[in-house]
Every structure is written in structure tokens, then in C-alpha cells.
1. Roughly how many Å² is the accessible area per residue of the chain, as a whole number, for a 1.4 Å probe?
2. Can you give me the pair-distance distribution of region 284-371, C-alpha pairs, 10 Å bins, whole percents?
3. Measure off, as a whole percent, the carbon and sulfur share of the 1.4 Å-probe accessible area of the chain, all protein chains present.
4. So, taking all protein chains as they sit and a 1.4 Å probe, how much accessible area belongs to SER7, in Å² rounded to tens?
5. From the mean inverse distance of alpha carbon pairs (Kirkwood) and the Cα radius of gyration, derive Rg over Rh for region 1-135.
6. Helix 199-208: angle to the longest alpha-carbon principal axis of the chain, degrees 0 to 90, nearest 10?
7. Using the Cα atoms of the chain to build a convex hull, what is its mean projected area in square nanometres?
8. So how tilted is helix 58-81 from the main axis of the chain? Cα-based, degrees 0 to 90, rounded to 10.
Amino acid sequence: MTPAAESVRLGLRANWQQFTLLVVINAFVGGMVGLERAVLPLLAEQDFLITSRTAILSFIVSFGIVKALANLLAGRMSDRIGRKKILVAGWLVGLPVPFILMLAPAWEWVVAANILLGINQGLCWSTTVIMKIDLVGPARRGLAMGLNEFAGYVAVSLAALASGYLAATYALRPQPFYLGIAFALAGLLLSVFFVRDSGAHAREEATQLTSGDSRMRSKQPTFREMFMTVSWNDRALSSASQAGMINNLNDGMAWGLFPLYFATSGLALGQVGVLAATYPGVWGVAQLGTGALSDRLGRKRMIVAGMWTQAIGILFVVLGSGSGIWLLAMALLGFGTALVYPTLLAAISDVAHPQWRASAVGVYRLWRDGG
């Protein structure tokens with residue numbers, strides 16, 4: 001073993017400093033999108049006088065499509081040119097977003113900002129996921145993904161709560177978006193000066209696979225082969241991709257429709273902000289346990305239970321009335337998502353070979369965020 005190889009060790013304990021740094025960076029990634037959760041649907045109606053729900057949801061559609069494609073690009077390019085370069089590029093794209101939202105003279109500017117935010121989220125979140133998987137090795141993937149998604153979605157929740165408070169206290173613009181400037185600058189500086197690329201850890205894991213491993217061991221697949229494997233040909237990978245897409249269809253409703261539904265039902269702006277924050281808050285905190293639990297109980301049971309819990313939460317939103325029942329509904333929706341989200345990422349990582357795992361994660365996140 002070469003000296004360079006000896007310096008590469010897999011595991012959370014061996015790489016805790018870089019892992020913790022990536023958790024912090026992913027919190028800033030989540031904070032960027034959390035700023036919009038409670039504010040943008042209301043901004044559309046009150047500042048831009050848009051009454052069409054279809055037009056209002058255009059910012060979510062643009063965000064979702066672009067983020068899905070950026071996930072695919074991030075995964076593939078991480079395998080080809082390295083993880084850190086993609087992470088830094090994502091922050092450079094995201095830096096103008098809060099400025100555009102503060103100054104936008106028309107709704108089309110908001111949609112354009114969300115396109116940039118989608119690229120930022122796809123490149124940055126995908127690479128932090130991939131790098132954490134690289135660092136921890138095969139033993140603790142569920143825990144690693146739980147910690148990653150915990151940081152990201154607790155930040156989504158806190159940013160949504162903070163932006164709702166700032167909007168209620170001051171105005172919908174510009175005060176809520178000052179936080180976005182701080183998040184983007186902090187994420188960029190940390191990524192440039194302190195993050196180290198984790199590609200060597202993935203290569204080290206590849207050398208440790210046994211000769212009986214069934215995953216495409218020695219052959220590096222073409223992009224088309226890998227895409228078909230994750231999307232259709234492999235049952236475990238394709239099932240995870242389908243479940244991820246359904247999960248994010250639910251998330252799109254919680255983000256774009258539920259705040260409007262709650263507001264038109266008579267809730268105050270502050271109450272809408274609390275409900276908008278509850279869902280990602282429960283989602284984020286619960287993942288501290290659900291990710292690690294999937295390492296013990298297995299992936300399949302966690303995913304099935306999570307999808308059913310989400311369905312019950314949505315049913316409570318539709319059939320219930322009042323802030324109390326809706327608070328319970330959003331908590332159920334968040335807990336169901338917590339059961340599913342880190343578990344699906346860990347399941348993809350269990351099956352995909354380290355040599356093309358980043359690309360596989362990108363394809364999975366393409367389908368998931370396509371929802």
C-alpha cells in the first residue's frame with residue numbers, strides 16, 4: 001500500500017472533521033431554499049398581484065426541473081472532475097439569488113432566480129451527499145445520510161420560520177432575504193478554503209470490495225448504461241427512484257399549495273410560517289434517528305412505513321380544519337418524509353459501485369426532484 005493510500009481511511013470517526021464541515025455547509029444549502037418556503041407564495045399574491053395558482057406554482061416547477069437536471073450533472077461530473085469543483089460552482093451560481101429576489105421588478109425575475117437556486121441546490125446538495133457517502137464507507141451510510149438531511153432540512157425549517165417572522169415584522173421584501181446573502185457567502189468561503197475532495201475515499205472503498213460482489217466491479221459503465229441501470233434495469237435502484245419521485249410530489253404540495261391553502265382559510269401570516277416550518281422541522285430532526293435506524297432494521301420497511309405516514313398527513317390537511325389539526329398533519333408529513341429520505345439515499349449507495357456511485361446518486365436525485 002502506498003503512503004497516499006495509507007492516509008485514506010473510511011469511517012465517520014476517521015473523517016469527522018470533514019464530515020462535520022460538510023454538515024454545516026449543507027445547512028447553508030438548506031437555508032437558501034428555506035427562505036422561500038413561507039414567503040414566495042405570498043409575495044406572488046401581495047407584491048405581484050398574481051391570483052392564478054398555476055402562475056404562482058411556476059417558481060416551484062422551474063426550481064424542480066432545474067434542480068433535477070443539476071443533480072444529474074453534479075453526479076456525473078463529480079465522477080469525472082471531482083466533488084469539490086462542483087460544490088464551489090454551485091455556490092457561485094447561488095450567490096446572486098437573494099439579490100435578485102430583493103430587487104425583482106416582475107414575477108419573471110423571481111422565476112429566473114429560482115432557476116439559479118435550482119442549480120445551486122442540485123450541485124451543492126448532491127455533492128455534500130456524495131462526499132459524506134465517500135467518507136463514511138459502507139457501515140454507517142444510513143446514519144451519514146440522516147445527519148446530512150437533518151442539517152439540510154432543519155435549516156430549511158429555521159430559515160422558513162425566520163423569513164416568516166421577518167416578513168410579518170417588517171415586509172415581504174427585502175428583510176427576509178438578507179439571511180440568504182449570509183448563507184451564500186458562508187457556504188462559498190467554507191467550500192473554497194476548507195473542503196477537501198473525497199474522491200480518493202471512493203476509490204479506496206472500491207479496492208476493498210470482495211471478488212463476489214455483484215455490482216459492476218471492474219467495468220466502468222457508460223453514462224447510458226448507468227442511467228438505464230438506476231432508472232429501470234435494477235429493481236432496487238429503480239424502485240428507490242420511483243419512491244423518491246412520489247415523495248417529492250408530496251413535498252411540492254407542502255411547499256407551493258399548503259401555505260396558500262392555510263392563508264386563504266383565515267390563518268395569519270405568522271401561523272402560516274409556523275406550519276410551513278413544522279413540516280421540514282420534524283422531517284429534519286427525526287432523520288437523526290431514522291437514518292441510523294435504517295442501518296439496523298433495513299431499508300425496505302422504513303420506506304414503506306414512511307410513504308403511508310405521508311399519505312395520512314396529507315389526508316389530515318385535506319379533511320381537517322384549523323391550526324391544531326393542520327399542525328398535526330404537517331408533523332405527520334414531516335415524520336413520514338424523515339423515514340423515507342435518508343433511507344432511499346442509503347439504499348442507492350448500498351447497491352451502486354463506488355466507481356459510479358456519484359453518477360447513480362445523481363440519476364436517483366434527477367428522478368426524485370423531478371417530482
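The values are calculated or read from the model by the stated rules, or taken from the named source; none is laboratory data. Everything numeric here is computed off the predicted structure, so don't read it as measured data. Note: areas computed on protein heavy atoms with side chains; ligands, DNA, RNA excluded. Shrake-Rupley method; radii C 1.70, N 1.55, O 1.52, S 1.80 Å.
1. It amounts to 40 Å² per residue over the chain.
2. 18, 39, 31, 11, 2, 0
3. Here carbon and sulfur together make up 67 percent of the probe-accessible area.
4. 90 Å²
5. That ratio equals 1.10.
6. It works out to around 50 degrees.
7. 17.3 nm²
8. Between the helix axis and the principal axis of the chain, the angle is about 20 degrees.
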